[in-house]
Amino acid sequence: MEVMIGLEVHCQLATRSKLFCSDSTDSRESAPNENTCPICLGFPGSKPVVNRKAIDYGIMVATALNSNIARRMYFSRKSYFYPDMAKNFQVTQYEIPLALGGYVEVGDLKVRIRRVHMEEDPAKLSYVGGDITNSKYVLIDYNRAGAPLLEIVTEPDFKTPQQARAFLEKLSSMLEHIGIYDPSREASLRVDSNVSIEGGNRVEVKNITGFANVEKALGYEIVRQRGLLRMNMKAVMETRHFDAATRTTKSLRKKEAEADYGYIFDPDLPSITLSEASIKKVADAMPELPDQRVARISGSYGLDEYQAKVLVYTDKNLADFFEECCTRYAYKDPPHAANWIINYLLKSLNWNMTAIKGSKVRAGTFIEFLGLIDSGTITERYAKELIKEYVDTGISPTELAERNIRSTPKINLEEIVSAIISSNRQAVEEFKGGNARALQFMIGQVLAKTNKQADPNAIKELILKMISEAK
Amino acid sequence: MEDYWKINEELVRHISKAAKLNLSDDEVARYVREVGDILDAFRQIDKVDVGGEEPAFHPLPVENRWREDEEKKTEWDPFSNSESREDGYFKGPKII
Amino acid sequence: MNKGASMTSVKEHIEKARSGEVDLKAFMEEVMERTRAIQEKYTPFITINDNPAPPASKGMLYGLPISVKDCLCTKGLRTTAGSKILNNYIPPFDATAVSRSLSEGAFLIGKTAMDEFGFGTFSTNCAYSIPKNPADPERSCGGSSGGAGCVSAAADFPHVAIAESTGGSITAPAAFTGTVGITPTYGRVSRWGLIDYANSLDKIGVMGKEVYDVALVLSAISGEDPLDSTSHGGGREDFTKSLEGGIAGMKIGVPKEYFGEGVDERISALVWKRIKELEGEGAAYEEISLPLTEYSIPSYYLIAMSEASTNLSKYCGLRYGLHGELSGNFEEYFSKVRSEGFGDEAKRRVVLGTYARMAGFREAYYLKALKVRSKIINEFRGAFKRFDVIATPSMPVLPPKFSEIGGLTPIQGYMMDILTVAPNLAGMPMISLPAGRIGGLPAGIHFIADQMGEDSLFRVAAFSEGLEWK
C-alpha cells in the first residue's frame, strides 16, 4: 500500500531576542512569564518590530535547502482563536513567504521542499488535573510566545517512517552546523506530520517532539490506517495528537476542509526587500554544512567516509571535539583518535547519558589518554576500562592510571597463574589435548584476578611456562 | 458563480462562530438585513477595472524597517490587568 | 483665577508660562475645575485625570492642558477605546504621542469619548458617555473623535486635543464643532500605544481652536519612532514655520464629485464662497474630476473592517480587559466575554471584516479593495502634480440631532464618510477649518494635500483663519 508522508518542521531560531520584540528567547532559567512584554502579550496599542537576525538566519537556511528566496516578502496574519495565542492571530507568512521550492538529499532519497517561512511561536500551555482532553483549565506561560520559528514544509515524499526520521536527523545537523538552532534548548524542533495511505484521507499528527517519537507516531499511524482499510473503512480527515507514553495517536478534532484562517497582510509590518547583494553576503558567510564537513574531514584527516559521517552527524560537537584534538593539539594519528572517539568515548558518554558538550571530557585530557595508549604505558584493554572512569570524572587519565596502580596491591603474577592452573585441571588437560580455547579461558581468569591490569601476553607466557614445567 | 455580494443566515451564523460571537436569533436576522444592505451598496466596486494593479497594503511604501537582535528586559508586571493567575501562570479556559 | 486667562491663546499662555508669569499650580487647579464643569454640561470625557502630574519640563508645550482621545494609551490612567470590553484597562505604558507631549511640558486633563474602537461618525457608539455639541447640545459632535471636538470647542482655557482618524474621525468632529482638526500623513505620528482600529489607516492628529495650536502640538508629537515600523518622517519638523507662508500663487483643485447631490446645498455654497475668497487673495482654483471617489467607501470599509476584525480578536477575556468566570471551554468562554463586551456596531464590523477575508471571498473583497486603493492613491497623486491643495466641504451634512441619528441604517451612517474616506484611504494629510455657520450650526472646509505636504495645508489654513470665516 502506498504511503505518503509529509513533514512540517518548526525550528526555533537561536536568536537572542524574539521575532517582534526584545524579550530574551532563552527561558531555561526563567520563571514563567518572566520574559514577556506588552508586545508578545498582545496588549492593546503594542506594535511588532522585526528582528533582523531572524531574517538573516532564514536566508541561510533557505540557501542550504537550495530554495528560491523571495526578493520581496510580506508578513501575514493567520487568524484563529486558542488559549496559547496572545492576539488570536499568528503573524506568519502566507502568500509570499521567505522561500519556495528546494530539496535535501538523504541517502538515495531526494526530499523536495515546498516552502520555508518565518512565524512566531505561540505560548506554552499546561493542563491542570489531566491532559489536553480533560483538564479543568489551562495554565499559560508566554515566555515562548513570539519566539522566532522557521517552518520548513516538505512535499509528501517520504514512503516510510524511517526515511522521515533520517531526514529529520540530517536537517537537524544542517541547522546546527549553520548555527541557527540550539538542540539543547527544549523542543527546539517540533514536527507536524501528514500521513495518508493508498490515496486516502490525509491525517495530521501534530506537535511531536523528538525524532524517535516521530518515527513511532508515523509507524503507529500507518498501522492504524491500514487496519481501517482492511475493515473497508476509510481514515477520517482529522488532526491527531501523539501520546508518547502509550506510543499511540489520539484524535483531537475533526479537520474542516482547510480551516479558514482569514489571512490578511499584516499592516503593522513592513515588506522586506532583499537585494541580490544582501542575499549573497549572508550566503557567503554561511558556516560549513554537514556534507561539506564530512568530505573535508575524511579528506584532510585521512578518515574513511563512514567515520567522518558518524562524527559529523551524531553530534556536531563531537566533530568539533575531534577537530580540536587533531588541530589544536596536533595529534599525529587522526584515524586512531576517530576510532577511539567513535567506538569507546561515545559509548561511555551514552552510558553516562551526557553529550560531549555537557561532559567533563576535554580535548587536552583526551589527547593525554591517547598518549598513554600510544606509548604503551597502558594496554588497550585497560584503556577501554579506564575511559569509563575518565568520562565519569574528567580527571587526567595519567593521574587516574597512577591512582589505580597505587590502590591495587602489587600483583604477584606467578602466584596468581599458579593458583589458576591448580584450580583448573580440566582446562589444562583440554589445552594439552589441543584445545586452544582452554588457554584463552585461563588467561581470562588470570586477567580477572588482576583487574585486567596485567599484560595478556605476559600471562600467556607464564601459563605455558608453568604448564610445561609442571610436566 | 453565485452572487458573492449576498449574505444569508447560515453564513452569518458560520462567521459569528468563527469570530467567537454569540448572536441571538434576532441579531442574526437583523445582521442578515443590515449586512445585506451594506454589501449591496459595496457591490459597485466590481465595476472598477484593477487589471495589473498591485494591492496597496499601506498608503505609502513601508519597507525594511527592523531592529538589531538585542535582548532587553521589560520591567513590568504582566499580571497588572488580570486576576486570573496561578503560581506565576495565566489561568485560562480549558480546551475541550 | 483672572478671567483674562481663559481667553489666552495657546501661544500666549505657553510664552507666559515659560517666562514664569503663570502660577502653574493655581492654573492647573482652575483648569481641572473648568474641565469638570464642561463634563457636567456636555459629557465629552470618559475619564478625567483628577490629579495631573505637573509639567515634566519647560519644553515647547510648557503648561499646556491637553486632552487625549481614549484610544491612546496613558500609563496608569484607564484607557477604554470607548468599549465596555476595556472598562478596567490600565495601560502599562504611554502612547508615544502622549509621552512626547508630556515630556514637552504638557499636562493631561482627561480621556475623551469616542465611538467604540473608532467605529462611527457621531460618537454615539460610545459605551460610556456621548459628547454633546456645544453649538447645540441636542446635536452630535461628530465622531469618532467627538469628545476631542467637544472639548476643543467648549474649553474656556488654552487647550489642545490629541485625536485620531481612520476614515475621517478628526474632520467630522472639527466640522461639527467649528474647530480646527489636522489629520497628518499616514505614518507622520507614531502609532505606538494607539489601540488599533485599522493599522494601515489609523493616524493620530490634533484638534484645537486655532491653526497655530494644532501646528505646534503636531510638531511635538510627530517624527519617526523605532517602536512603530510604519512611522517615518525622519527627525521632527516645526510646522509652525509654515504658518506665515501665505497663499500667493497657490493652486487649488476643486473636485466636482465632492459637491454632488449627497451634500447639503448650503454647505456646498458656503465652501464655494470661501474658495472664491481665496482666489480673490491670490490663489488660483480649477474644477477637476476624481471619478474614483464613489468607490472609496467600499474600498475603505472592506480594508478597514478586514484589519479591524483581526485587531479585535485580541479581546477575549485573557490578560486584560473584561474577564468572565472560567466556565466552559475556550470557545464558549471567549464568545461569552466578547459578546458581552462588544457593542452592536463592533459586532457587525467584526462579522463583515471576517467575511471580507474569508477563503473564497477575499479575492473579491479584501484584495480587490486593496487594488482599488492603489488606483485612488494614483488618482490623487495625478491631481497633486498640478495642484498644491484640493478643497472640498468637510462633511455632507450639518451636525445632526441625536434623534435623527437613531433612525439611520448602518449603511446610511457609513455614507456620511463619503467626503473623507478617500484622502484617509490614500494616507494624504488634510485639515478641516471652520467655514462659517449655517443656521447657527458649524460647517467645515477641508483642504487636502499630497503625502508629506503638511506645509501647504498649514499655509492655506493659517491664511484662511486670518479671513475670519467663523
Exercise. Count the net charge of all other residues whose Cβ sits under 14 Å from the Cβ of residue C:466, scoring Lys and Arg as +1 and Asp and Glu as -1.
Key: -3
Practice problem: Rank the residues A:275, A:251 as a footprinting-exposure proxy: fewest other Cβ atoms within 10 Å of their Cβ go first. | Solution: A:275, A:251
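Only helical DSSP H runs with n ≥ 4 go in: add -39500 (n - 2.57) per run for the protein assembly as shown, normalise by residue count and round the 222 nm mean residue ellipticity to 500 deg cm²/dmol. Could you put the intermediate results ahead of the total?
On the way: 33 runs with 384 residues, N = 1037.
That comes out to -11500 deg cm²/dmol.
Would you tell me the mean number of C-beta atoms belonging to other protein chains that fall within 10 Å of each C-beta in C:223-231, as a whole number?
For this peptide, the per-residue mean of nearby foreign Cβ atoms is 5.
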Quiz prompt | Table column - 3J(HN,Hα) (Hz), the range C:113-123, Karplus curve with 6.51, -1.76, 1.60, x for Gly and Pro | solution = 6, 7, 5, 3, 6, x, 8, x, 10, 10, 6
Quiz item: Tell me, what ³J(HN,Hα) does each residue in the range C:86-97 have, in order and in whole Hz, if you take phi through Karplus 6.51 cos²θ - 1.76 cosθ + 1.60 with θ = phi - 60° and put x for Gly and Pro?
Solution: 10, 5, 10, 7, 10, x, x, 8, 8, 5, 4, 4
Self-check item: Packing-based ranking, highest mean first, of C:149-156, C:370-377, A:105-112, A:298-305 given that Cβ atoms within 10 Å are counted
Solution: C:149-156, C:370-377, A:298-305, A:105-112
Self-check item: Charge tally in the Cβ shell below 14 Å around residue C:342, where Lys, Arg are +1 and Asp, Glu are -1, residue C:342 excluded
Solution: +2
Quiz item: Leaving out same-chain residues fewer than 8 places away, which aspartates and glutamates sit with a Cα under 16 Å from that of residue C:209?
Solution: C:12, C:156, C:465, C:468
Quiz prompt | Residues residue A:212 and residue A:31, FRET efficiency given R0 of 35 Å [Cβ-Cβ distance, rounded to 0.05] | solution = 0.70
Self-check item: FRET E, pair residue C:75, residue B:63, Förster distance 25 Å, beta-carbon r, rounded to 0.05
Solution: 0.20
Quiz item: Rounded if a/c is under 1.5, else prolate if a/b is larger than b/c, else oblate: which is the range C:3-245, with a ≥ b ≥ c the root eigenvalues of its Cα gyration tensor?
Solution: rounded
Quiz prompt | GluC sites (Glu not before Pro) within the range B:1-57, DSSP loop, no more than 11 other Cβ atoms inside 10 Å | solution = B:2
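May I ask you to work out the translational diffusion coefficient for the range A:329-420 at 10 °C, viscosity 1.306 mPa s, via Stokes-Einstein with Rh from the Kirkwood sum over Cα pairs, reported in whole µm²/s?
Diffusion coefficient, whole number: 111 µm²/s.
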Quiz item: Given H placed on each backbone N at 1.01 Å, which residues far from residue C:113 in sequence or on other chains put an amide H within less than 5 Å of it?
Solution: C:45, C:46, C:147, C:148
Self-check item: Euclidean distance between Cα centres, the range C:160-217 to the range A:125-142, Å
Solution: 45 Å
Exercise. Classify the range A:3-279 as rounded, prolate or oblate, taking a ≥ b ≥ c as the square roots of the eigenvalues of its Cα gyration tensor: rounded when a/c is under 1.5, otherwise prolate if a/b is larger than b/c and oblate if not.
Key: oblate
Quiz item: According to a simple spin-label model (label point 7 Å from Cα along Cα-to-Cβ), what is the distance in nm between residue C:41 and residue A:377?
Solution: 9.8 nm
Quiz item: How big, on average over all directions, is the shadow cast by the Cα convex hull of the range C:359-470, in nm²?
Solution: 9.2 nm²
Quiz item: On average, how many beta carbons from a partner chain sit within 10 Å of the beta carbon of a residue in A:71-80?
Solution: 2
Exercise. Taking H placed 1.01 Å from N in the peptide plane, check which residues at least 5 places from residue A:86 or on another chain put their amide H under 5 Å from its amide H.
Key: A:123
Quiz item: What FRET efficiency do you get for residue C:286 and residue A:292 if R0 is 45 Å and r is their Cβ-Cβ distance, rounded to the nearest 0.05?
Solution: 0.10
Quiz item: What residues qualify as long-range amide H neighbours of residue C:87, i.e. H under 5 Å apart, gap of 5 or more or another chain, H built at 1.01 Å from N?
Solution: C:322
Quiz item: When you look at the Cβ of every residue in B:82-88, what mean number of other chain Cβ atoms sits within 10 Å?
Solution: 5
Exercise. Report ³J(HN,Hα) in whole Hz for each residue of the range A:351-366, in order, from the Karplus equation J = 6.51 cos²θ - 1.76 cosθ + 1.60 where θ = phi - 60°; Gly and Pro get x.
Key: 4, 7, 6, 10, 8, 4, 5, x, 8, 8, 6, 10, 4, x, 6, 5
Exercise. Mind jotting down the distance between the C-alpha centroids of the range B:26-96 and the range A:417-471, whole Å?
Key: 84 Å
Quiz item: Within the range A:52-94, which trypsin sites (Lys or Arg not before Pro) sit in a loop by DSSP and count at most 14 neighbouring Cβ atoms inside 10 Å?
Solution: A:71
Quiz prompt | Calculated P(r) tail over 44 Å for the protein assembly as shown, as whole % of Cα pairs | solution = 46 percent
Quiz item: Roughly how many Å is it from the Cα centre of the range A:4-21 to that of the range C:396-428, as a whole number?
Solution: 46 Å
Exercise. Quickly work out the residue A:229-to-residue A:278 label distance, labels modelled 7 Å from Cα along the C-beta direction, and quote it in nm with one decimal.
Key: 4.8 nm
Exercise. Take the alpha carbon gyration tensor of the range C:287-443, find the square roots of its eigenvalues, order them as a ≥ b ≥ c, and report rounded if a/c is under 1.5; if not, report prolate when a/b exceeds b/c, else oblate.
Key: oblate
Quiz prompt | Distance in nm between pseudo-label sites at residue A:126 and residue A:95 (7 Å out along the Cβ direction from Cα) | solution = 4.2 nm
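Coordinate-derived values only; no laboratory data. What you are looking at is a predicted structure, and each value in this text was computed from that prediction instead of being measured. Neighbour counts run over all protein chains shown; Cβ positions are idealised from the backbone, glycine included.
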